[in-house]
Amino acid sequence: MSSSGPANLNSKHAWRELASRDLPKRSAAERVADFLEIHGLFDEETAREQASRCIQCPNPSCVSGCPLCNPIPQWMQLTAEGRFLEAAAVLGSVTNLAEVCTRLCPSDRLCEGTCILDSVGEPVAIQAIERFLSDYAFEHGLVDAATAPPNGYKVAVVGSGPGGMACADDLARKGCAVTIFDSDLVPGGLLVNGIPAFRLDRSIVHRRVELLQKLGVKFQLGVRLWEEVTLNSLRDEFNAVYLAQDWRTARLLDIPGADAPGVVPALTFLLQKNTAVPLDLPPLHVAGQRVLVIGGGNAAIDCLRTAIRCGAAQAIGLYRRSEAEMPCGRQEYQNAIEEGASFEFHVVPTAVRLEAGRVAGLRLIRTEPAVPGSPRLETPRTRPGSEFEVEGDWVIPALGFNPLPCLRTGGLELLQTNPWGGLRVDSFQATNLPGVFAGGDLTRGPSTVLEAVRDARRAAAQMLTWLSRSRTPESPKEKEF
Ligand SMILES: Cc1cc2nc3c(=O)[nH]c(=O)nc-3n(C[C@H](O)[C@H](O)[C@H](O)COP(=O)(O)OP(=O)(O)OC[C@H]3O[C@@H](n4cnc5c(N)ncnc54)[C@H](O)[C@@H]3O)c2cc1C
Ligand code: SF4
């Protein structure tokens with residue numbers, strides 16, 4: 001650990017004197033040749049310097065900008081002083097998946113976007129420092145497999161995505177015997193079955209899974225829940241249940257030709273190109289081809305960058321609003337540009353152009369805001385007479401996801417649902433069934449890793465309270481209300 005740093009580390013004006021630094025990044029030419037992560041880490045000196053730019057606001061807007069209310073100034077101060085393990089411990093107290101959050105959180109809209117320095121210059125490099133600390137914590141044994149003595153409670157967690165893992169981690173550390181069930185053979189949920197490895201290396205997820213195993217968490221993978229195993233049988237066997245599985249469906253491209261060969265949903269494309277598990281899909285060869293991706297979210301950017309890594313001759317993003325209105329992270333957009341993606345803004349597709357029954361391109365029409373200067377939620381209107389065509393061999397709609405209503409079989413029909421059919425939970429993540437809790441995308445619809453982790457940790461805390469009040473260890477059915 002560094003014992004001393006540059007002279008200006010303690011200066012109140014460090015933010016003026018020190019430029020904000022981005023994480024070191026591999027060159028675009030190098031990174032498009034593989035699926036490895038593109039960023040390196042700050043070294044200790046840079047982490048200290050950058051943390052010293054934080055002016056320790058008395059009412060820190062970065063904290064209110066984070067859904068986890070991360071006490072950012074506290075660990076910034078410790079980092080600036082070189083007390084990295086203490087800083088990492090503070091960080092670890094609010095998120096038990098810091099190594100994932102730091103890679104995937106849309107910080108430009110959350111903590112960094114609300115940092116007071118953003119309005120006068122460059123925000124504090126919160127995400128980069130968080131990544132340094134999360135790595136430091138692992139390297140120095142802070143993230144260990146220490147648990148409380150067994151408390152006799154057995155908990156089932158359904159779904160091994162970030163929500164399921166975060167909940168299992170908290171409960172196992174408190175001495176619960178946790179079993180995670182997943183219908184997939186590979187644990188990790190969308191962290192391994194959606195988000196490309198160049199944004200989140202699979203080793204990061206595997207390391208977390210291994211740590212959970214060391215904590216005593218059992219994984220039952222490839223289990224078709226609600227068919228082989230019902231909610232009632234889980235409740236019979238376990239003292240409490242946390243539901244964190246996903247149900248979603250891709251929004252459809254509703255234009256003529258949308259079902260033609262060559263039109264591929266975003267998640268199908270990402271799965272085939274990013275997972276090691278063989279999929280029951282015809283191969284999607286995009287090498288040397290022109291790939292048109294419709295949408296402006298993270299999934300759209302992931303598809304463009306994946307296509308480029310697979311050798312696409314052109315990867316073109318098509319978005320109905322302006323560049324500034326794209327919902328994807330700014331950094332992801334910038335990375336895509338650097339890697340060779342191009343974009344056409346203010347356009348919507350009107351038809352898939354076909355040749356010999358296969359995709360040959362798209363017909364597009366230009367858009368403009370419904371009311372000039374109107375906010376983003378207004379649907380843009382099309383400009384009559386502005387139709388044009390763009391050539392392409394593949395069309396990938398990345399229009400987001402709609403939540404699917406919760407299944408009404410296998411005992412799930414006993415659970416109350418909200419207006420769109422997702423599971424209804426109270427402010428402690430409890431469903432209407434005693435001992436059954438839920439969170440993440442299942443309750444709020446397609447959302448973010450951060451929200452999944454927040455729900456899971458809130459649920460874990462409440463489950464422990466509920467268990468100690470209403471259940472006797474080893475007797476799941478006792479003390480039923
Ligand atoms: C392409 C893409 C890019 C994204 N990028 C970002 C990003 O940059 N930042 C961000 O914060 N979020 C991003 N997200 C969203 C994020 O991945 C999700 O919000 C998050 O993974 C939700 O976590 P979860 O634990 O609720 O569910 P999931 O990660 O979806 O995990 C649910 C698990 O439940 C399992 N399951 C489903 N049904 C059953 C069943 N019947 N029985 C047992 N198991 C079952 C699934 O196999 C899966 O493993 C992205 C999503 C996609 C698709
Ligand atoms: S808003 Fe920015 S400067 Fe203020 S405490 Fe948070 S990180 Fe530091």
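Brief remarks on what is shown
- Flag if D170 is at pLDDT 95 or above and out of contact with any Ser or Thr (no Cβ under 9 Å at 6 or more places or on another chain): yes
- Close pairs (7 angstrom Cβ cut-off, 6 or more residues apart or separate chains): free of Cβ contacts under 8 Å to residues at least 40 places away in the same chain in segment 430-453, in a helix (DSSP H, G or I) and more than 9 Å from ligand 1 (Cβ to nearest atom) anywhere: A430/Q462
- Selection within segment 317-338 - buried (at least 19 other Cβ atoms within 10 Å of the Cβ) and either touching a helix residue (DSSP H, G or I) at 6+ places or on another chain (Cβ under 8 Å) or part of a loop (DSSP other than H, G, I, E, B) (or both): G317, Y319, R320, R321, M326, C328, G329, E332, Y333, N335, A336
- Filtering segment 18-36 to residues that are assigned to a loop (DSSP other than H, G, I, E, B) and either more than 26 Å from Q50 (Cα to Cα) or of a type outside the set (A, V, I, L, M, F, W, C) (or both) leaves S20, R21, D22, P24, R26, S27, V32, A33, D34, F35.
- Residue satisfying all of: in segment 244-274; within 12 Å of ligand 1 (Cβ to nearest atom), surrounded by 17 or more Cβ atoms within 10 Å (Cβ to Cβ) and of a type in the set (S, T, N, Q); farthest from G340 (Cα to Cα) among these: Q245
- Within segment 95-127, the set of residues being more than 16 Å from ligand 1 (Cβ to nearest atom) and crowded, with 23+ Cβ neighbours inside 10 Å comprises C115, P123, V124, A125.
- When I396 is tested against (1) in contact with a Phe, Trp or Tyr (Cβ under 9 Å, 6 or more places away or on another chain); (2) surrounded by fewer than 23 Cβ atoms within 10 Å (Cβ to Cβ), just one condition goes unmet, and that condition is (2).
- Only a single item in (1) assigned to a loop (DSSP other than H, G, I, E, B); (2) under 18 Å from S447 (Cβ atoms); (3) in contact with a Leu (Cβ under 8 Å, 6 or more places away or on another chain) is not met by C101, and it is number (1).
- Hits in segment 409-422 - residues which are farther than 21 Å from A250 by Cβ and within 13 Å of ligand 1 (Cβ to nearest atom): T409, G410, G411, L412
- Scoring T147 on the criteria (1) under 28 Å from V90 (Cβ atoms); (2) at pLDDT 95 or above leaves a single failure, condition (2).
- Residue that is of a type outside the set (K, R), away from ligand 1 (no atom under 16 Å from the Cβ) and assigned by TED's automatic domain parsing to the domain that holds V348, where the choices are A313, A299: A313
- Against the list (1) away from ligand 2 (no atom under 16 Å from the Cβ); (2) assigned by TED's automatic domain parsing to the domain that holds R21, the condition L171 fails is (2).
- Of the residues making up segment 294-308, those that are out of contact with any Pro (no Cβ under 8 Å at 6 or more places or on another chain) and either open to solvent by less than 10 Å² (accessible area, probe 1.4 Å) or basic (K, R) (or both) are A300, I301, C303, L304, A307.
- Of all residues in segment 208-243, those that are open to solvent by 20 Å² or more (accessible area, probe 1.4 Å), at pLDDT 90 or above and not charged (D, E, K, R) total 9.
- Restricting segment 54-77 to residues that are free of Cβ contacts under 8 Å to residues at least 24 places away in the same chain and more than 21 Å from V120 (Cα to Cα), the residue that is nearest to ligand 1 (Cβ to nearest atom) is P71.
- Test: residue in segment 221-241 that is within 20 Å of V453 (Cβ to Cβ) and more than 10 Å from ligand 1 (Cβ to nearest atom): yes
- When each of V192, V186, V205, V229 is tested for being of a type in the set (A, V, I, L, M) and under 27 Å from L467 (Cα atoms), the lone residue that passes is V229.
The values are calculated or read from the model by the stated rules, or taken from the named source; none is laboratory data. Because the structure is a prediction, the values reported are computed rather than measured. Note that we place each Cβ from the backbone using ideal geometry, even for glycine, and neighbour counts take in every protein chain shown. To get the accessible areas, we keep the full protein, side chains included, count just its heavy atoms, and leave off ligands, DNA and RNA. Shrake-Rupley method; radii C 1.70, N 1.55, O 1.52, S 1.80 Å.
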